[in-house]
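Novice: Sharing a structure below in structure tokens format, with a few things to ask.
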Amino acid sequence: MTGGSEAICVVDPEAIGDGTDALGIGDGDAPPGTYVLLFTLHSEATITVGALGTATFPAGAYAYVGSAFGSNGLGRVDRHRRVAAGAHDVQHWHVDYLGSHPDVALDDVVVVPRADVECRLSIEIADAVDRRFAIVPTPLEGFGASDCTCGTHLLGGSDTDSLGDAVVAAAETVKRS
């Protein structure tokens, strides 16, 4: 996966866990911003996602778009990483239900520091994914979008590398606009 813009960062979840990521996500010194969690679901899974209900998620890659502008900024990403690693079992956000499933791996995190572009980025990723390869339909409408008018903040693709490249390209487009 490429990440050509200095403003856009692709962060390895292991670096976050070690506290060695360049943005300070793992050591609690992160700026606010928008993020995309890139997951791989290794086999089809039926998952209950809180009040949204239960759905079957096809195997493949998923990108979840979120933002973190509270007191801990992008430190929220470390919480999502801990949920995906099985080190934190509280399911608060829709993405926690997907991320905590045993057949799911958190592969990368794409970050747009100090930019409040969550909805614009979600829409741009959906457009980019539709243009580049067959999209895996989002199993649950409204996933991650309960506080906005977007249809979903969870987008699917055939593989993490292609989806990740589409996410980085979309983030660069949104950041320039």
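Novice: Against the condition in contact (Cβ under 8 Å) with a residue 12 or more places away in the chain, farther than 17 Å from ASP147 by Cβ and not polar (S, T, N, Q), how does GLY66 come out, does it pass?
Specialist: So GLY66 fails the test.
Novice: Next up: Within region 85-93, is there a residue that is within 20 Å of VAL168 (Cα to Cα) and either modelled with pLDDT under 95 or among the aliphatic types (A, V, I, L, M) (or both)?
Specialist: So far as region 85-93 goes, no, none of its residues is within 20 Å of VAL168 (Cα to Cα) and either modelled with pLDDT under 95 or among the aliphatic types (A, V, I, L, M) (or both).
Novice: Something else: Look at SER146 and say whether it is closer than 28 Å to GLY28 by Cα, assigned to a helix (DSSP H, G or I) and out of contact with any Phe, Trp or Tyr (no Cβ under 6 Å at 6 or more places or on another chain).
Specialist: In short, no.
Novice: Let me ask you something else. Check whether at least one residue in region 23-43 is within 12 Å of VAL110 (Cβ to Cβ), surrounded by 15 or more Cβ atoms within 10 Å (Cβ to Cβ), touching a residue at least 40 places away in the same chain (Cβ under 8 Å) and over 14 Å from the mean Cα position of the chain (by Cα), and report yes or no.
Specialist: yes
Novice: Return the pair list, or none, for Cβ contacts closer than 9 Å from residues in region 96-112 that are within 21 Å of GLY26 (Cβ to Cβ) to residues that are among the hydroxyl-bearing types (Ser, Thr, Tyr) and part of a helix (DSSP H, G or I), at least 6 apart or on different chains.
Specialist: Going by the 9 Å Cβ cut-off, the qualifying pairs are ALA105/THR160; ASP107/THR160; ASP108/THR160.
Novice: Any chance you could count how many residues in region 44-61 are free of Cβ contacts under 8 Å to residues at least 60 places away in the same chain, surrounded by 12 or more Cβ atoms within 10 Å (Cβ to Cβ) and farther than 13 Å from VAL95 by Cα?
Specialist: Here the count works out to 2.
Novice: Here is a follow-up. Look through region 76-130, keep the residues that are small (Gly, Ala, Ser) and within 11 Å of the chain's Cα centre (by Cα), and return whichever of them is farthest from ARG176 (Cα to Cα).
Specialist: The extreme case among them is GLY99.
Novice: On to the next question. Does SER100 fit the bill of being in contact with a Cys (Cβ under 7 Å, 6 or more places away or on another chain), under 24 Å from HIS42 (Cα atoms) and not acidic (Asp, Glu)?
Specialist: No, not satisfied.
The values are calculated or read from the model by the stated rules, or taken from the named source; none is laboratory data. Predicted, not measured: the structure shown is a model, and the values here were computed from it. Using ideal geometry, Cβ is built from the backbone for each residue, glycine included, and neighbour counts are taken over all protein chains shown.
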